[in-house]
Amino acid sequence: MTTLTTDPPRNGLSPLERAYARLGVVLITPTILVFLLVIVYPLLAALYLSVFQIYTPTLQGGFVGADNYIELLTGKAFWSSLRVTIVWTVGTLTLQIVAGVGIALLLHQNIWFRSLARSLVLFPYFLSTVVAVLVWKWLFNDLYGALNQGLMQLGIIDMPLDWLGSMPNAMIGVILVGAWKYFPFVVIAVLARLQTIPENLYEAARIDGAGPIARFWDVTLPQLRSILTVIILLRAIWDFKEFDLLYLLTGGGPVTSTQTLSLLVYQEAFGLNQMGQAAAYSVGMMLVMLVFMVLYIRQTKEKA
Amino acid sequence: MANVIFKDVHKRFGSFVALEKLDLDIHDGEFVALLGPSGCGKSTTLRMLAGLEFPTSGEIRIGDRVINDLAPGKRDIAMVFQSYALYPHMTVGENIAYPLKKRGIKGKARAEAVQKAAELLQLEALLDRKPKQLSGGQQQRVALGRALVRDPQVFLLDEPLSNLDAKLRSYMRAELIELHARLGKTMVYVTHDQLEAMTMANRIAVMHGGRVQQFDTPDAIYNRPANRFVAGFIGTPPMNQIDGTAEGDHIVISGHRIPFNRADFVDSLADGPVVLGVRPEFVAIGSGDGLPATVRLAENTGHETIVTLELPDQTRISARVEAARKLDVGQKVALRFDPAAIHLFEASENGTRLNLDETPAAVIPMRAK
Ligand SMILES: Nc1ncnc2c1ncn2[C@@H]1O[C@H](COP(=O)(O)OP(=O)(O)OP(=O)(O)O)[C@@H](O)[C@H]1O
Ligand SMILES: [Mg+2]
């Protein structure tokens with residue numbers, strides 16, 4: 001730094017540029033270290049574990065090569081859980097999006113309870129999953145649950161339904177609770193975008209003869225498209241790997257009919273104490289999620 | 001017939017009175033400018049005509065239809081917004097076609113209408129672009145295209161040129177004048193730029209504080225301003241207004257007596273305080289006999305010099321002289337006003353003009369009607 005003017009540029013970089021590059025490296029080092037520690041190491045560990053047969057409590061076991069993967073491919077467990085995961089993800093995500101966009105549109109209107117409603121809507125998202133699930137379990141209870149009570153009084157059903165203990169009710173139940181818990185995320189993201197759409201566009205559309213529905217399709221929706229893509233991809237990834245809500249609500253049951261891949265991995269690792277097989281399942285799960293990830297990265301790159 | 005009538009229209013936002021007793025009668029095919037300072041209610045007037053705001057009371061008519069309660073899409077109007085308001089995800093072609101699409105015009109008829117509008121505005125080469133890929137002037141033309149594609153009865157334009165640079169603005173001004181001549185449609189044009197209003201409009205409604213101050217031809221607005229506000233708003237620099245006292249057939253300013261022809265003014269003009277108005281081009285700077293003044297500033301614009309002068313009572317007035325004229329700051333001069341160019345106003349805040357008209361000749365070229 002003392003000989004700023006005499007130094008001939010090396011690698012086509014001026015001394016100042018080189019100093020900046022060094023500073024850059026220093027600044028990103030902590031991030032890279034944390035990344036290696038919490039992402040790369042567990043990933044490599046999982047890959048390593050997945051070629052052993054390991055008894056979880058002792059973490060002892062022998063090398064089995066591709067056996068765990070052969071079990072994954074030929075056995076029923078992985079594929080049936082994958083099917084359950086897809087049903088759960090598509091179901092709850094669809095509801096989240098529809099309810100989220102609908103309520104965001106509603107809250108965007110000038111209604112008198114708007115500011116109150118805007119804060120209330122966040123409530124499920126902030127609520128701890130354990131608390132939320134406890135409340136919902138009571139609501140769903142077949143003997144004294146308010147849900148059955150209400151449906152019976154409305155005359156929609158005449159016998160109490162077994163909500164979480166039978167199919168397809170259990171799947172419908174978790175999908176509903178998942179949608180209830182996570183739609184606020186959609187509301188907030190969509191509402192933020194709605195507020196940036198210029199009012200002039202709606203006025204122009206009204207003058208051009210567009211009614212409320214045409215204005216939604218021709219002005220609102222195109223403006224929401226990019227944010228919706230991001231929301232859908234993010235929520236798809238998060239719902240796909242959702243664990244606590246499902247584990248607490250049904251534990252995967254009845255039998256395995258709501259056992260998603262996360263629950264399968266957990267069951268294999270800590271229920272059946274097969275850490276190696278569990279690791280193989282989690283690697284399989286990760287490969288499926290890679291698809292969403294690639295889509296997400298593509299989408300966000302496009303915008304930049 | 002597409003004349004536009006505002007009859008006794010009032011508009012309040014809550015307790016705030018935005019427009020008061022608005023009466024306008026805009027003729028079929030006329031180009032009318034709404035001109036006034038920021039916040040005077042120009043946009044509100046236009047938006048009520050568009051159906052984007054509703055009058056608190058009064059009646060708005062297009063032709064023989066009362067349109068107070070009609071939806072914007074049913075009024076047979078088209079509007080160009082200051083921000084253009086182009087649909088960002090649609091191409092230029094789709095933007096222009098949109099009003100037709102929403103009115104159920106399909107296929108060949110629609111394509112032809114879009115083609116015609118695009119030709120008129122020289123947009124043919126841009127039809128497949130998105131608004132983001134256009135310059136400000138091009139976006140402006142697309143907004144115009146979307147307005148004129150379906151041949152509405154009345155065009156509404158809210159400061160359509162204010163986002164353009166000076167050169168493009170004067171070009172678009174000429175384009176709009178030509179377009180109006182070609183289409184012969186009623187146009188209502190909001191602007192706070194007096195040059196735009198003076199050069200483009202058949203008539204100008206000068207607005208201030210929610211009221212129309214004067215609604216007349218550019219010539220009349222300039223030469224026979226209805227009151228002190230209009231006199232002080234139009235012209236660069238605007239008309240000088242000097243406090244004085246009427247005494248017989250003289251106006252006394254700072255003890256100096258200026259003769260005027262009493263027969264040119266209304267009978268009600270009594271002795272006492274008045275405001276003398278004179279345009280800068282009718283202030284003659286000389287020496288010897290005249291209203292004494294000191295030169296404070298001389299701004300040479302190239303083809304003329306605007307001189308700011310100070311009277312003994314500290315009133316500042318401006319004069320327009322030829323560029324070659326040399327005047328030094330601090331120089332003592334004597335001013336004379338062309339008696340035929342003198343306006344008198346009531347001495348109140350926004351006093352009315354007291355002349356019996358047909359007085360001064362226009363000195364700015366007017367647009368042929
Ligand atoms: N929706 C509204 N609510 C309350 N006040 C409003 C509303 N719209 C306009 N106003 C007020 O009415 C007055 C006139 O507004 P308007 O937009 O017509 O002004 P303008 O003449 O177009 O001014 P500008 O040249 O700045 O566009 C302003 O004082 C404005 O603050
Ligand atoms: Mg305005």
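The values are calculated or read from the model by the stated rules, or taken from the named source; none is laboratory data. For clarity, every value in this text was computed on a predicted model and none was experimentally measured. Ideal geometry is used to build each Cβ from the backbone, glycine not excepted, and the neighbour counts take in all protein chains shown. Protein only, heavy atoms only, side chains kept; ligands, DNA and RNA dropped before computing areas. Shrake-Rupley method; radii C 1.70, N 1.55, O 1.52, S 1.80 Å.
With respect to the stated conditions, A:Tyr296 fails to be within 18 Å of the chain's Cα centre (by Cα), under 24 Å from A:Leu139 (Cβ atoms) and not aliphatic (A, V, I, L, M). Being more than 14 Å from chain A (Cβ to nearest Cβ) and either closer than 19 Å to B:Met172 by Cα or in contact (Cβ under 8 Å) with a residue 24 or more places away in the chain (or both) is not true of B:Arg103. When B:Pro88, B:Pro72 are checked against the criterion of being open to solvent by 50 Å² or more (accessible area, probe 1.4 Å), more than 16 Å from ligand 2 (Cβ to nearest atom) and in contact with a helix residue (DSSP H, G or I) (Cβ under 6 Å, 6 or more places away or on another chain), a single residue qualifies: B:Pro88. Is one or more of the residues making up segment B:25-44 within 13 Å of chain A (Cβ to nearest Cβ) and within 16 Å of ligand 2 (Cβ to nearest atom)? Yes, segment B:25-44 contains a residue that is within 13 Å of chain A (Cβ to nearest Cβ) and within 16 Å of ligand 2 (Cβ to nearest atom). Within segment A:149-175, how many residues are closer than 22 Å to A:Gly252 by Cα and not in a loop (DSSP other than H, G, I, E, B)? Here the count works out to 7. Tallying residues that are open to solvent by 10 Å² or more (accessible area, probe 1.4 Å) and not in a strand (DSSP E or B) within segment B:1-26 yields 4.
Quick check, is A:Ile227 within 14 Å of another protein chain (Cβ to nearest Cβ) and within 17 Å of A:Leu93 (Cα to Cα)? Steps first, answer last, please.
Working: within 14 Å of another protein chain (Cβ to nearest Cβ): yes; within 17 Å of A:Leu93 (Cα to Cα): yes.
Judged against the criteria, A:Ile227 is a match.
The helices (runs of 4 or more DSSP H) falling completely within segment A:176-244 that include 3 or more residues that are touching a residue at least 40 places away in the same chain (Cβ under 8 Å) and either open to solvent by 30 Å² or more (accessible area, probe 1.4 Å) or outside the structural domain of A:Phe123 (by TED's automatic domain parsing) (or both) map to A:221-240. For beta carbons closer than 7 Å, sequence separation of 6+ or different chains, a first residue in segment B:14-41 that is of a type in the set (Asp, Glu) and a second that is open to solvent by less than 10 Å² (accessible area, probe 1.4 Å) and assigned to a loop (DSSP other than H, G, I, E, B), the qualifying pairs are B:Glu20/B:Gly210; B:Asp28/B:Ala2.
Just for segment B:42-67: of the residues that are more than 24 Å from B:Asp193 (Cα to Cα) and open to solvent by less than 30 Å² (accessible area, probe 1.4 Å), which one is farthest from ligand 1 (Cβ to nearest atom)?
Only one residue tops the list, namely B:Gly63.
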